[in-house]
Amino acid sequence: MLPISNKRYLCLSAGILSAALSFPSWADDTAKASQAAQPDYTLVPNIGVASQYRYRGLMQSAGYPAVSGGLDFTHKSGFYLGNWDSTIRWLGNSNGQISAPVETDFYGGYKNSIDSDWSYDLGVLRYQYFGNYPTGTVSPNTTELYGALTYKSLTFKYSHATSNLFGAANSQHSQYFDLSDNYDTGVWGLTLNSHVGYQYVRNVAGGSYLDWKLGVTKDMGQGWSAALAYVQTNARHAVYTSPQGQYLGGASAIASITKTF
């Protein structure tokens with residue numbers, strides 16, 4: 001098994017409010033009303049529960065349910081900061097001497113629109129695992145820089161690890177390529193979700209793999225949403241099998257429910 005190297009991603013949820021436009025003469029009243037209605041920033045908490053926690057296709061909660069929560073700060077200029085936390089089991093399962101049952105993520109960046117169809121997102125994400133580790137353990141704490149370009153509902157995102165990747169020794173400069181589509185059907189609040197990704201793990205033989213997902217999200221109103229997805233990878237069993245004999249990249253259906261406030 002790859003030493004301490006499987007993990008989540010958070011679907012980053014920080015949004016962006018467009019800056020208010022000002023118009024000359026006859027449009028002044030409309031512009032002022034728009035500006036008055038637009039807050040300088042938003043602060044949005046969220047909580048969620050999932051049948052299991054997967055990140056980049058790999059098990060993070062050993063197939064058990066996971067509870068999560070976070071907080072997103074977004075300024076109308078396009079800058080954002082956020083935190084997201086989830087229960088996990090993969091670290092303890094990889095080594096019984098490790099006590100780190102929670103993943104804590106911190107992220108920040110800048111997101112804005114190019115025109116009505118195109119937008120971009122640049123930022124940094126820190127995955128932190130507070131806990132107790134035996135001497136000699138390679139830290140699972142990971143920092144990634146990311147950039148994303150979106151056309152309508154289609155997004156390509158690139159992530160680059162500036163540290164070791166989730167505890168894999170000498171894996172700095174590992175990369176993840178993510179192509180995702182979240183298509184709003186306009187019917188019953190349903191969004192179709194599809195994704196394919198490639199995780200390149202540097203200096204780990206057999207550590208690189210593909211993952212993919214197909215799913216649907218239902219907007220239930222008042223900040224509630226539910227999702228159902230099918231997830232699978234082609235990760236090698238020899239690398240991504242836990243000491244308990246559990247393969248971390250197998251096919252699975254995942255159900256979740258989320259509330260934003």
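The values are calculated or read from the model by the stated rules, or taken from the named source; none is laboratory data. This one's a predicted model, so the numbers in the text were calculated from it and none came from an experiment. Positions of Cβ are backbone-derived with ideal geometry, glycine not excepted, and every protein chain shown enters the neighbour counts. Each accessible area value is taken on the protein alone, full model and side chains, heavy atoms only, with ligands, DNA and RNA left out. Shrake-Rupley method; radii C 1.70, N 1.55, O 1.52, S 1.80 Å.
Within region 170-201, the set of residues being of a type in the set (G, A, S), within 20 Å of N234 (Cα to Cα) and free of Cβ contacts under 8 Å to residues at least 60 places away in the same chain comprises S174, S180, S194. The lone criterion from (1) touching a Phe, Trp or Tyr at 6+ places or on another chain (Cβ under 7 Å); (2) in a loop (DSSP other than H, G, I, E, B); (3) in contact (Cβ under 8 Å) with a residue 24 or more places away in the chain left unmet by G206 is number (1).
So, A255, is that one touching a residue at least 24 places away in the same chain (Cβ under 8 Å), closer than 20 Å to P65 by Cα and in contact with a Lys or Arg (Cβ under 8 Å, 6 or more places away or on another chain) or not? No, not satisfied. Taken together, the residues in region 137-165 that are more than 15 Å from the chain's Cα centre (by Cα), under 18 Å from V239 (Cβ atoms) and surrounded by 19 or more Cβ atoms within 10 Å (Cβ to Cβ) amount to 3. For region 178-210, taking the residues that are among the small types (G, A, S), more than 20 Å from L154 (Cβ to Cβ) and in contact with a Ser or Thr (Cβ under 9 Å, 6 or more places away or on another chain), the one that is least open to solvent (accessible area, probe 1.4 Å) is identified as G207. Within region 121-132, residues that are closer than 10 Å to P101 by Cα have Cβ atoms under 6 Å from residues that are open to solvent by less than 20 Å² (accessible area, probe 1.4 Å) and among the small types (G, A, S) in these pairs: Y129/A100; G131/A100, counting only partners at least 6 apart in sequence or on another chain.
Which of the residues spanning region 60-82 are in a strand (DSSP E or B), within 14 Å of the chain's Cα centre (by Cα) and surrounded by 18 or more Cβ atoms within 10 Å (Cβ to Cβ)? S68, G70, D72, G82, listed by residue number. Scanning region 83-113 for residues that are assigned to a strand (DSSP E or B), within 25 Å of A168 (Cα to Cα) and either under 15 Å from the mean Cα position of the chain (by Cα) or free of Cβ contacts under 8 Å to residues at least 24 places away in the same chain (or both) turns up N83, W84, D85, S86, T87, E103, T104, D105, F106, Y107, G108. If the condition is being open to solvent by 90 Å² or more (accessible area, probe 1.4 Å), touching a residue at least 12 places away in the same chain (Cβ under 8 Å) and more than 18 Å from A253 (Cβ to Cβ), then region 218-236 contributes D219, M220, W224, R236.
If only residues of region 138-158 that are in contact with a Phe, Trp or Tyr (Cβ under 8 Å, 6 or more places away or on another chain) and touching a residue at least 60 places away in the same chain (Cβ under 8 Å) are counted, the one that is farthest from T217 (Cα to Cα) is P140.
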